[in-house]
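Laboratory data are not the source of any read-out in this text; all were calculated from the coordinates shown. Quantities reported herein were computed from a predicted structural model and do not represent experimental measurements. Quick reminder, even Gly has a Cβ in these numbers, built from the backbone with ideal geometry, and neighbours come from all protein chains shown.
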Amino acid sequence: MVCFVAMSDDSQAAWQELAPDYERARTKEDSLDRLVEWPAQRDLLGDVTGRSVLDVGCGNGGKLAELVGDGATASVGIDVSGNFLSAPPPGSEFIRGDLSELDSVPGLAGRRFDRILFLQSFGYAKDPVRTLQAARAMLADDGFILLTRTQPIRYAVERTEQNGSSLGEEYFSTAQFSYLSGWNDQITLTKRPYTISDLINVFSAAGLWIETAIEPQLSEEARRRYPHKQAWMNKYLGILIFKLRPHPSH
Ligand SMILES: C[S@@+](CC[C@H](N)C(=O)[O-])C[C@H]1O[C@@H](n2cnc3c(N)ncnc32)[C@H](O)[C@@H]1O
């Protein structure tokens, strides 16, 4: 078994190993990304015609490619794994880079974007406030950030199962914890716990306000078709999605 501390320098090494497994899992017919997360993320992005998009921690760039197919222009996907689609669609580029150093990624200097995405990637930032401040500085007028994170209660529930402890003990614990990545049972990721207040305080410290927050769920049809996924959601809740705008006074 390989152990990686996914929020530090080792996230690079972990994701080089994990990237193909993650993409394989994501494209499965019953993946929660396909059934719940991407539809909700896409919905909040709205019409992207003529909009520039920066997708931070873009994976292989498949979501960015879809947005470009829907009319986004001058767009960029960044990921530390470098496991990109073989060719970025016209009007986009992929850059291998670290989101912890977003303020100095070559190729981003002086650029502005209408939409900046952190889709299940923000947890890998070494200094979350610094990363969000860098993103905020790259927002065009009327731009917003779309950020998703796993519901922290999910990890707390898993730890109660492992440790025989209570939900409150685990949710408020500050000790790092390790868990199997779920995409490759040879790779264990280590995370720093967070609460919902922690997340909100990071947004405030970076000069952002929450315009919308949602907790997307399976559609009625998907519930009927994939009851094992509804059982998972009933236990682990899913993800949080935030639409963040710059606070004018910062
Ligand atoms: C759970 S995947 C999400 C991928 C994609 N955003 C999506 O929604 O399908 C997390 C992504 O974050 C990337 N990542 C992890 N650490 C990173 C870092 N330090 N800098 C940039 N990307 C990172 C990984 O390589 C991986 O592609």
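Considering only DSSP beta bridges whose two residues both sit in the chain, what percent are antiparallel, to the nearest 5?
Working: 16 of 39 bridges.
Here the antiparallel bridges make up roughly 40 percent for the chain.
On full extension of the chain, what length is gained from LYS126 through SER197, given 0.36 nm per residue of separation minus the C-alpha to C-alpha distance?
23.7 nm
Once each part is reduced to its C-alpha centroid, what is the distance from the stretch 201-227 to the stretch 145-186 in angstrom?
18 Å
Apply the Karplus curve 6.51 cos²θ - 1.76 cosθ + 1.60, θ = phi - 60°, to the phi angles in the stretch 184-198 and return the couplings in whole Hz, x for Gly and Pro.
Listing the rounded values in order: 8, 6, 9, 10, 9, 9, 10, 10, 8, x, 8, 10, 5, 4, 4 Hz.
Provide the gained length on full extension for the span ARG112 to HIS228, in nm with one decimal, where the gain is 0.36 nm per separating residue minus the Cα-Cα distance.
37.6 nm
Once phi is turned into ³J(HN,Hα) by the Karplus curve 6.51 cos²θ - 1.76 cosθ + 1.60 with θ = phi - 60°, what whole-Hz value does each residue of the stretch 80-96 show in order, with x for glycine and proline?
Couplings: 7, 6, x, 9, 8, 3, 4, 9, x, x, x, x, 8, 9, 10, 10, 7 Hz.
Report the far tail of the P(r) of the chain, meaning the percent of Cα-Cα pairs longer than 34 Å. All intermediate terms of the calculation are to be shown ahead of the outcome.
Values: 3864 of 31125 pairs.
Value for the chain (Cα pairs over 34 Å): 12 percent.
Could you tell me which residue out of LEU237, LEU32, ASN60 lies farthest along the dipole of the chain toward its positive end? Charges go on the beta carbon: Lys and Arg +1, Asp and Glu -1, centred on the Cα centre.
It is LEU237, whose Cα lies furthest towards the positive end.
Excluding the sites themselves, what is the longest stretch of the chain that contains no trypsin sites (Lys or Arg not before Pro) in a DSSP loop with at most 13 other C-beta atoms within 10 Å?
In the chain, the maximal stretch lacking such sites is 112-250.
Under 5 Å between amide H atoms, partner at least 5 residues away or on a different chain: which partners does HIS247 have, H built in plane at 1.01 Å?
Amide H neighbours of HIS247: LEU208, TRP209.
Rounded to whole Å, give me the distance from the Cα center of the stretch 34-77 to that of the stretch 93-126.
Centre-to-centre (Cα) distance: 14 Å.
What's the FRET efficiency of ARG34 with ARG154 using the Cβ-Cβ distance as r and R₀ = 22 Å, to the nearest 0.05?
Working from the Cβ atoms, E equals 0.75.
Once you keep just the Cα pairs under 8 angstrom separated by 6 or more residues, what percentage relative contact order results for the chain?
Taking the mean separation of contacting Cα pairs over the length of the chain, I get 21 percent.
Can you tell which of ALA213, PHE144, GLY164 lies farthest toward the positive end of the dipole of the chain, using +1 and -1 charges on the Cβ of basic and acidic side chains (Lys, Arg; Asp, Glu)?
The one lying farthest along the dipole's positive direction is ALA213.
Sequence gap at least 6, Cα distance under 8 Å: using those rules, report the relative contact order of the stretch 156-241 to the nearest whole percent.
Value for the stretch 156-241: 20 percent.
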